[in-house]
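K.L.:
One structure, pasted below without further comment.
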Amino acid sequence: MTKKACVILPTYNEAENVVDIIPGIFSQADKIKSHDLHVLVVDDDSPDGTQDVVTGLMDKYPNLHMITGKKEGLGEAYKRGMAYASKELSPDLVFEMDADRQHDPALIPLFVDLANHGFSLVIGSRFAPGGATPDFSFHRKLISRVGNWMIRFLGGLPRIHDCTSGFRCIKAEVLEKCEFGFLSTRGYSFQSSLLFELLRNGARVIEVPIVFPDRQFGESKLSMQDQIEFLVNIAKLRFRQSEEFIKFLAVGISGTFVNLGIYILLTRKLGVAATLASPVAIEISVISNFLLNHYWTFTGRTTSTPFYKKLFRFHAVAGMAGLVNYCVFIVLLFIFNVFDILANAIGIGVGALFNYFLNSYWTWRRIEEGEENERQDYSEEATRPRQP
């Protein structure tokens with residue numbers, strides 16, 4: 001039997017767009033020899049007649065399907081669509097694609113070809129070399145860039161250029177391994193949490209640069225609630241990888257006792273002046289923390305940074321974390337009039353998070369096996385047909 005590729009189109013008030021995007025998708029079917037192309041519209045009870053337009057196209061396109069339901073967010077629409085596709089259509093490939101004509105259907109055959117050549121996740125990337133967002137304002141570009149940086153740096157995802165892209169081709173065998181109960185349910189936070197799950201389950205990734213124009217009809221669905229969920233989702237991504245973080249905190253607590261113990265030994269037993277004992281105790285506790293993190297917290301990571309450079313970076317990060325701690329304390333104390341002990345506790349917490357994130361990303365940056373091959377940008381060489 002010929003394999004199936006199913007494009008899932010979540011819609012809400014997209015009547016003016018689906019009339020063009022659906023024929024545009026099916027126009028690519030003849031260029032795909034390995035799969036039958038299907039389209040599944042997941043409509044959130046649009047009041048503008050989107051469902052009527054889709055129903056009218058079904059006579060012309062027998063591989064066009066539609067399910068409906070109440071509006072609960074982009075993530076819930078995708079979850080419903082993926083569950084339905086898996087049960088009723090059994091596709092080999094599942095596409096995520098926006099219905100607003102910002103994603104070019106002409107790229108679908110290329111995505112399928114890349115999937116056939118071993119990539120289980122193909123991402124249409126706005127920010128990979130060659131990609132573009134010509135109609136984005138400076139403010140929107142800044143938000144997108146900062147958002148992707150936060151996902152990679154704070155959320156712990158690898159160096160993928162576009163973590164929130166809504167244009168993807170996913171092998172169903174990897175998608176079926178994902179824990180959908182964990183995924184965020186709204187806007188682009190769903191895309192980043194799904195990306196995390198796909199990578200956690202061994203997806204082999206390639207990014208294809210795309211040009212992402214502004215939508216012609218309808219309005220952007222991004223809301224303040226989406227942005228709040230995005231920030232919450234970053235914390236969820238990090239704490240889903242909590243083992244290292246818990247170890248890092250335990251090391252930090254042990255460092256406090258080392259610092260205090262050395263200080264007491266120097267001042268009470270050896271008669272060293274407090275002004276000298278304190279920096280000595282701090283330095284010994286920093287070295288103790290570094291050794292414990294190197295041989296315990298991050299021992300499972302493959303890195304390319306020499307030992308002495310890690311030690312230097314760890315010292316630098318410790319200094320920056322202390323400055324962050326102090327700045328948060330001062331701002332809370334003098335600007336927001338927070339009780340000093342509480343302000344200090346919050347400063348310590350923020351400093352600890354900063355300390356962990358920067359050490360994880362910089363000092364003990366993980367080098368994945370085959371990283372250069374598996375997390376590459378699209379190139380002509382990557383898509384060249386293999387020789388028999």
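K.L.:
Evaluate E = 1/(1 + (r/R0)^6) for residue 70 and residue 90, where r is the Cβ-Cβ distance and R0 equals 30 Å; express this FRET efficiency to the nearest 0.05. Intermediate results must be reported in sequence, preceding the final value.
P.N.:
Working: r = 26 Å, r/R0 = 0.88.
Between residue 70 and residue 90 the formula returns 0.70.
K.L.:
Could I ask something else about it? Starting from the Cα coordinates of region 1-84, work out the convex hull volume and express it per residue in Å³. Each step should come with its number before you reach the end.
P.N.:
On the way: hull volume 7.4 nm³, N = 84.
Cα convex hull per residue, to the nearest whole number: 88 Å³.
K.L.:
Residues with beta-carbon under 9 Å from that of residue 121, excluding residue 121: net charge, scoring Lys, Arg +1 and Asp, Glu -1? Let's see the in-between values first.
P.N.:
Details: positive: 168, 171, 204; negative: none.
Taking every other residue near residue 121 into account, the sum is +3.
K.L.:
Okay, moving on. Assuming R0 = 45 Å, can you tell me the calculated FRET efficiency for the pair residue 315 and residue 180, based on Cβ-Cβ distance, to the nearest 0.05? Don't skip to the end; give the middle numbers.
P.N.:
On the way: r = 43 Å, r/R0 = 0.95.
After rounding to 0.05, the efficiency reads 0.60.
K.L.:
Could you tally the net charge around residue 144, taking each other residue with its Cβ under 11 Å from the Cβ of residue 144, Lys/Arg +1 and Asp/Glu -1?
P.N.:
On the way: positive: 126, 140, 141, 145; negative: 162.
Overall, the nearby charge balance is +3.
K.L.:
Quick check on packing: order 280-291, 299-310, 110-121 by the mean number of other C-beta atoms within 10 Å, highest mean leading. Spell out each step's value before the answer.
P.N.:
On the way: 280-291: 17.8, 299-310: 11.7, 110-121: 19.8.
Ranked from most to least packed, the peptides come out as 110-121, 280-291, 299-310.
K.L.:
Can I ask one more? For region 1-123, what relative contact order do you get, as a whole percent, if you take Cα pairs closer than 8 Å and at least 6 residues apart? Don't jump to the answer; show the numbers that get you there.
P.N.:
Values: 189 pairs, mean separation 45.5, N = 123.
This gives 37 percent for region 1-123.
K.L.:
How far apart, in nanometres, would the label points at residue 132 and residue 305 be if each is projected 7 angstrom from Cα along the Cα-to-Cβ direction?
P.N.:
In this crude spin-label approximation the distance works out to 3.7 nm.
K.L.:
Quick one: which residues, 5 or more positions from residue 14 or on another chain, have an amide H under 5 Å from its amide H? H modelled 1.01 Å from N in the peptide plane, none for Pro or chain starts.
P.N.:
Amide H to amide H, under 5 Å and 5 or more residues apart or across chains, residue 14 pairs with 50.
K.L.:
Continuing with this model, one more query. State which entries of 60/177; 171/309; 177/309; 31/87 exceed 31 angstrom in Cα-Cα distance in the structure shown. Could the numbers behind the result be given before it?
P.N.:
Details: 60/177 35 Å; 171/309 40 Å; 177/309 38 Å; 31/87 26 Å.
Correct reply: 60/177; 171/309; 177/309.
K.L.:
Can you pull out the trypsin sites (Lys or Arg not before Pro) in region 84-170 that DSSP calls coil and that have at most 13 other Cβ atoms within 10 Å? The partial results should precede the final answer.
P.N.:
Working: sites: 87, 101, 126, 140, 141, 145, 152, 159, 168; in loops: 101, 126, 159.
Passing sites in region 84-170 are 159.
K.L.:
Taking residue 310 as the anchor, which lysines have their alpha carbon closer than 21 Å to its alpha carbon, excluding any fewer than eight residues away along the same chain?
P.N.:
Straight-line reach from residue 310, under 21 Å: 247.
K.L.:
Sticking with this structure for a sec: Which length gain, in nm to one decimal place, applies between residue 117 and residue 214 when the Cα-Cα distance is subtracted from 0.36 nm times their residue separation?
P.N.:
Using 0.36 nm per residue and subtracting the Cα-Cα distance, I get 31.8 nm.
K.L.:
Give me the extension gain from residue 141 to residue 326: residue separation times 0.36 nm, minus the current Cα-Cα distance, reported in nm with one decimal. All intermediate terms of the calculation are to be shown ahead of the outcome.
P.N.:
On the way: separation 185, 0.36 × 185 = 66.60 nm, distance 3.15 nm.
Computed gain between residue 141 and residue 326 is 63.4 nm.
Readers should treat all values here as calculations from the given coordinates under stated rules, not as data from a laboratory. Everything numeric here is computed off the predicted structure, so don't read it as measured data. Ideal geometry is used to build each Cβ from the backbone, glycine not excepted, and the neighbour counts take in all protein chains shown.
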